[in-house]
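Here's the structure, in C-alpha cells; my notes come after.
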Amino acid sequence: MARIITPTYFCIIDFESTTTCSNKHSSDSKKQWVKEITAISSILCKYTNNTIKELSRFHKFCKPLQVNDCEIDYADRFPVVFYQYNKWINEYTDATMLRNDIIFVTYESCTHSANKTLLLAECNRWNIYTPHLYSKYININTIVLNNLHIDANSLQSIMMNLGLILIFVKDIHQNGISNCTNMKNIFNELMHRCGLNYRDLIETMV
C-alpha cells in the first residue's frame with residue numbers, strides 16, 4: 001500500500017467577486033459581463049498532531065474595472081494583490097519545502113462560486129502565470145457529502161449540523177475572513193471525526 005503523505009500546511013482560501021460589464025456602452029445583446037475578484041482572504045495553518053494550527057491571516061481588496069465601493073477604490077489591482085498573497089505564503093512556510101506539502105482548502109457547492117475557476121480566469125485576464133501550487137485543493141463540500149451525508153448547501157448549515165458556532169462579522173468587507181475562519185473550524189472538526197485519506201480528498205484544478 002502506498003504511503004499517504006500528509007501535507008505540512010493547509011491554506012484556507014476564499015475569494016469575493018463582483019460582476020462588471022467590460023463594454024457598458026454596447027447594446028444589451030452585445031454586452032459582455034465579467035466576474036472579477038474583489039478580495040482575497042486566506043488563513044494559513046500548519047498541520048501538527050492531527051490538528052491544524054493557525055499561523056497567519058491575509059485579507060486584501062482588489063480593484064476591479066468598475067468601482068462602486070470606496071474601500072475597493074483605493075485598492076491595488078489583482079496582479080499586485082496576487083503577488084503580495086504569494087509572497088505572504090512564502091514568508092510563513094519553508095522556502096525549501098516541496099510544493100506538495102501545502103494544500104488549499106476551499107468550499108464550493110452548486111450555490112457557491114467556484115473558487116478554482118475564478119482564480120484561473122482572473123490570472124488569464126491579466127496574463128499572469130498561475131503557479132503549480134494552486135493545481136490541487138480540498139473541497140470541504142466534498143468531504144461533508146461523502147463522509148457525513150448532511151446538508152452542505154452552505155457553511156452555516158454545515159456548522160449547525162456539526163454543532164459548531166458560526167463566526168460572523170457585521171462589516172461586510174470582512175466576510176472573506178469570517179468565511180475562512182468558519183472553513184478552518186469545519187475542517188478541523190472533520191479531521192477529528194473522519195479518518196481522512198488526503199490522497200483521495202485532493203482534487204485537481206481545471
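The values are calculated or read from the model by the stated rules, or taken from the named source; none is laboratory data. For clarity, every value in this text was computed on a predicted model and none was experimentally measured. Reconstructed Cβ throughout: ideal geometry from the backbone, glycine too, with neighbour counts over all protein chains shown.
Structural remarks
- Selected residue (criterion: surrounded by the fewest Cβ atoms within 10 Å (Cβ to Cβ)) from residues of the stretch 139-169 that are closer than 19 Å to His192 by Cβ and of a type in the set (Val, Ile, Thr): Ile165
- With respect to the conditions (1) among the basic types (Lys, Arg); (2) assigned to a loop (DSSP other than H, G, I, E, B); (3) at pLDDT 75 or above, Lys35 falls short on a single one, namely (2).
- Screening Ser113 on (1) modelled with pLDDT of 90 or more; (2) closer than 22 Å to Glu36 by Cα shows it passes everything except condition (1).
Yes or no, residue by residue, for (1) surrounded by 18 or more Cβ atoms within 10 Å (Cβ to Cβ); (2) among the aromatic types (Phe, Trp, Tyr); (3) in contact with a helix residue (DSSP H, G or I) (Cβ under 8 Å, 6 or more places away or on another chain); (4) modelled with pLDDT under 75:
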{"site": "Asn23", "(1), (2), (3), (4)": "no, no, yes, yes"}
{"site": "Ile52", "(1), (2), (3), (4)": "yes, no, yes, no"}
{"site": "Ser56", "(1), (2), (3), (4)": "no, no, yes, no"}
{"site": "Leu65", "(1), (2), (3), (4)": "no, no, no, no"}
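- Pair list, Cβ under 7 Å, 6 or more apart: the stretch 122-151 residue at pLDDT 90 or above, other residue aromatic (Phe, Trp, Tyr) and outside any strand (DSSP E or B): Glu122/Phe78; Trp126/Phe78; Ile128/Phe82
- Flag if Cys70 is under 20 Å from Thr142 (Cα atoms), loosely packed, with under 13 Cβ neighbours inside 10 Å and modelled with pLDDT under 70: no
- Set Ser17, Ser42: member being touching a helix residue (DSSP H, G or I) at 6+ places or on another chain (Cβ under 9 Å), surrounded by 14 or more Cβ atoms within 10 Å (Cβ to Cβ), within 23 Å of Leu119 (Cβ to Cβ) and modelled with pLDDT under 90: Ser17
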